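Shown next, in structure tokens, is the structure this report addresses.
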Amino acid sequence: VGRALFSQSPVFYLAVLVAVALWAMFRFMRAGLLLRAVGENALAADAAGHSVLRLRFSAALFTGLMAGLGGAYLCIVASGGTFIDNMTAGRGYLAIAVTLFARWKPFRVLLVALVLGLLEALQFQGQYLGIEIAPSLLMAMPFAVALIAWIMMGRAGAAPGDLGRPFLRGSGR
């Protein structure tokens, strides 16, 4: 376990640090409260005098930065510095499933992503460890677990209230 935990890329440790920092920000800081407010009820945040569009744009910019860092990690570290067609291999869908399953909580996102990452690592380590399961089944395991978890959760309303709703000042919604 020590070698697996302490011989990772610096990007891995940065991702853990960012997840913990985001959890702390959403939990304990004013900026996190404001971001949650513009996601839950943008009209209330606007009535309190906060710029909903600026906050949402900043959050989208940060999200794009993190997605770009993930793409750079895949290209530089995971594939040896070479771009390969279909490099993500459906991992974007896993990212969406992770977010839904973790109910938009950064620390839970980290834990769920680690579990799915361990399941993905089984496709490489499973044959070495002598697991008598077809490699194609091991490759599908993270997706199957994500799908089963998604089905088990049903339509649990954990999503932010104004998720996907455009904000137009003075429109009443």
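Every number in this text was worked out from the coordinates using simple rules, so none of it is lab data. The structure presented is a predicted model; accordingly, all values stated were derived computationally and were not measured. Here Cβ is always computed from backbone atoms with ideal geometry, including for glycine, and neighbour counts include all displayed protein chains.
Shown here for the range 62-143: chymotrypsin sites (Phe, Trp or Tyr not before Pro) in loop regions (DSSP other than H, G, I, E, B) with at most 13 other Cβ atoms within 10 Å, namely Phe83.
Post the alpha-carbon centroid distance, the range 77-91 to the range 6-44, in whole angstrom. Using only Cα atoms, the two centres lie 26 Å from each other. On the beta carbon distance between Leu168 and Thr82, with R0 = 45 Å, the FRET formula returns roughly 0.50.
Can you give the helix-only mean residue ellipticity at 222 nm for the chain, where every DSSP H stretch with n ≥ 4 adds -39500 (n - 2.57) and the sum goes over all residues, rounded to the nearest 500 deg cm²/dmol?
-22000 deg cm²/dmol
The angle between the Cα long axis of helix 10-28 and the longest principal axis of the Cα atoms of the chain comes to about 30 degrees, rounded to the nearest 10. Full extension of the chain segment joining Ala31 with Ala158 gains 43.7 nm, where the gain is 0.36 nm per residue of separation less the Cα-Cα distance.
Against the chain, whose longest principal axis is taken from its Cα atoms, helix 30-40 shows a tilt of about 90°. When only the Cβ of Lys, Arg, Asp and Glu is charged (+1, +1, -1, -1), the dipole of the range 79-173 relative to its Cα centre reaches about 700 debye.
Helix 91-101 and the longest principal axis of the Cα set of the chain meet at an angle near 60°. The stretch between Met66 and Ala48 holds 3.6 nm of extra length on full extension. This uses 0.36 nm per residue minus the Cα-Cα distance.
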